[in-house]
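Peer 1: Quick one: structure below, then a few questions.
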Amino acid sequence: MAAEEKWEGRAPEQHKEAELGGQKEPRALPGRQLGEPGRFAYAALCGISLARLFPGNEQSSFRTEFIKSFVKWLDLPDAVLAAMTAFADGLGGEGTETFTEILLKDPILKENPLLITQDLLSFSLRDGYYDARARVLICHVSSLLKIPLEDLEVLEESLLESLKEQKEEESETAEVSRKKKERRKKLKRYLLIGLATVGGGTVIGLTGGLAAPLVAAGAATIIGSAGAAALGSTAGIAVMASLFGAAGAGLTGYKMKKRVGAIEEFEFLPLTEGKQLHITIAITGWLCTGKYGSFTAPWSSMLHSSEQYCLAWESKYLMELGNALDSLLNGFVNMMAQEALKFTVLSGIVTALTWPASLLTVASVIDNPWGVCLHRSAEVGKHLAHILLSRQQGHRPVTLIGFSLGARVIYFCLQEMAQEKDSQGIIEDVVLLGAPVEGEAKHWKALTRVVSGKIINGYCRGDWLLSFVYRTSSVQLNVAGLQPVDLDDRRMVNMDLSSVVNGHLDYMKQMDTILKAVGIKTKECQPEEKGSGSLFSPQAKKSQRAAGSEARGEENTRKEEDEAGGE
């Protein structure tokens, strides 16, 4: 509510200005209202943050272009560009606190530091491309200023909310006129949705779709009246349309028309009815008869974004796998496996020779469907990569969340994207739960080239089933769903879920609890800490700390063993 009050305090003023000003020049953007020391500190803070969040040569062009455009945005002298570029290249990191203090002392921000988040959002949306890296930067700078993440979400939603307000204020004559236009556009819209699907989103610029009514209202709230006037043009409509995907259809407008390689089914199902400037795609790992017979069932409580989708893929094979899991786990075999756990997973020895004969005799029940789904999940992941690269979802940040084979889909999606050009700035965060993929850091390094925010690996050491399906592999093979991924990168976050996951089936049955543990907001979950700016709840931080201490303990043990061996 606090965020809404702060925002609503300024929105009417800007709305009034947009309505009365016509083509008149609007008041200065929030960033330009700062004094020169404040603007310098603001740009420097963004430059230092860029260097911290996106180091390396592969991100060099993004940092350079961002800071160059930002200096112009703030109307700073050209002479400061060299210093800002140096900050963006990694110099001056120790000045973060100083620049933050200078910025917050500016009179404009004393009552409402949220203006900085508003200004950064305006800057990031100026061309109709909401880069995932820009959103990660906004979240980071907002956290430095003690601005909660929920305030950013309120600002993002204001574009859509202002549309509703504008409709209520329309005069009767204007409403009649608008309805006539909408009826004419409706047929054209349906046609364009179909064309966009077939053509891979090539008709984005032909219609505003969802963006067109946004242009007619509310855009001035964030971008200013001059920007809103520009968005009313044909070019502006195309720019706004690019945010939301082809003709506003987005991912729901995509359905695989023909078989692609070995893939027989691939479709996006909406989990929510809203629209948002960032979206979430959830991927289910298997299906089973009864309560969890649909792709959407495990995600019923998730509320990470107002716009969420679930990927429906290869249901025939995932249902076969789910039935096989039930057959294997319900009964005597499960008890034998729990006994085997004492001698295998806990001791770190996983080989075909150590599993009980009673379990191996029924291995064929699970091996065949599991093997089929392993192969198909990799193919589906690669196909998902090309859908996202084609911007079917529009130019908005995407978060991917999946469990079991759904996490494997995400892993192969990211691996495929890493091999393609222009793959950066699409993916914001990824959450892989109980992932049946390689756990060695060298295999995960490529993911950092694609993911802008967090790479969360949720694992459980006591997941004997995941160990069992890898029993024929070499002893050296690491499985991400069983242990931390030891990757030295600020994006990599390992979450020990052993306290909430007792076995592989719990990833489906305990999803609500798991989502909370890894810091994903659910329908019953409210923001935990005002002003913390953290992605993680206290429960999530506890899981993260457990994973970190466990990884350090293993490292110390290995060192002791090496020293003993050397003696």
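Peer 1: Would a scan of segment 313-327 turn up a residue that is at pLDDT below 90, open to solvent by 30 Å² or more (accessible area, probe 1.4 Å) and under 21 Å from T399 (Cα atoms)?
Peer 2: No; the residues of segment 313-327 include none that is at pLDDT below 90, open to solvent by 30 Å² or more (accessible area, probe 1.4 Å) and under 21 Å from T399 (Cα atoms).
Peer 1: In segment 449-469, is there at least one residue being surrounded by fewer than 18 Cβ atoms within 10 Å (Cβ to Cβ) and within 20 Å of the chain's Cα centre (by Cα)?
Peer 2: yes
Peer 1: Another question, then. Within segment 34-43, identify whether any single residue is in the same structural domain as Y130 (by the TED database), outside any helix (DSSP H, G or I), aliphatic (A, V, I, L, M) and at pLDDT below 95, and answer yes or no.
Peer 2: Within segment 34-43, one or more residues are in the same structural domain as Y130 (by the TED database), outside any helix (DSSP H, G or I), aliphatic (A, V, I, L, M) and at pLDDT below 95.
Peer 1: Let me ask something else. Is at least one residue of segment 439-448 part of a loop (DSSP other than H, G, I, E, B) and either surrounded by fewer than 24 Cβ atoms within 10 Å (Cβ to Cβ) or not assigned by the TED database to the domain that holds G322 (or both)?
Peer 2: yes
Peer 1: Let me ask something additional. So which residues in segment 484-512 are open to solvent by less than 20 Å² (accessible area, probe 1.4 Å), among the hydrophobic types (A, V, I, L, M, F, W, C), more than 23 Å from E524 (Cα to Cα) and part of a loop (DSSP other than H, G, I, E, B), if there are any at all?
Peer 2: Of everything in segment 484-512, just one residue is open to solvent by less than 20 Å² (accessible area, probe 1.4 Å), among the hydrophobic types (A, V, I, L, M, F, W, C), more than 23 Å from E524 (Cα to Cα) and part of a loop (DSSP other than H, G, I, E, B), namely V485.
Peer 1: Here's another thing I want to ask about it. Can you tell me which residue among S60, S122, S69, S49 is touching a His at 6+ places or on another chain (Cβ under 9 Å) and among the polar types (S, T, N, Q)?
Peer 2: S49
Peer 1: Assess whether R63 counts as being surrounded by 17 or more Cβ atoms within 10 Å (Cβ to Cβ) and either assigned to a loop (DSSP other than H, G, I, E, B) or at pLDDT 95 or above (or both).
Peer 2: Taking the combined requirement at face value, the residue satisfies it.
Peer 1: So which of R545, R558, R552, R471 is modelled with pLDDT under 90 and within 30 Å of T289 (Cβ to Cβ)?
Peer 2: One residue alone meets the criteria, R471.
Peer 1: On to the next question. How many residues are in a loop (DSSP other than H, G, I, E, B), farther than 22 Å from Q510 by Cβ and open to solvent by less than 10 Å² (accessible area, probe 1.4 Å) when one looks only at segment 261-293?
Peer 2: Total satisfying the criteria: 3.
Peer 1: Which count do you get for residues in segment 400-436 that are of a type in the set (A, V, I, L, M), buried (at least 24 other Cβ atoms within 10 Å of the Cβ) and in a loop (DSSP other than H, G, I, E, B)?
Peer 2: 1
Peer 1: On to the next question. Taking T296 as the residue in question, decide whether it is open to solvent by 10 Å² or more (accessible area, probe 1.4 Å), in contact with a helix residue (DSSP H, G or I) (Cβ under 8 Å, 6 or more places away or on another chain) and in contact (Cβ under 8 Å) with a residue 24 or more places away in the chain.
Peer 2: So T296 fails the test.
The values are calculated or read from the model by the stated rules, or taken from the named source; none is laboratory data. Computed from a predicted model, the values in this text were never measured in an experiment. Cβ: placed from backbone, ideal geometry, glycine included. Neighbour counts: every protein chain shown. We work out accessible area using only protein heavy atoms, side chains counted, and drop any ligands, DNA or RNA first. Shrake-Rupley method; radii C 1.70, N 1.55, O 1.52, S 1.80 Å.
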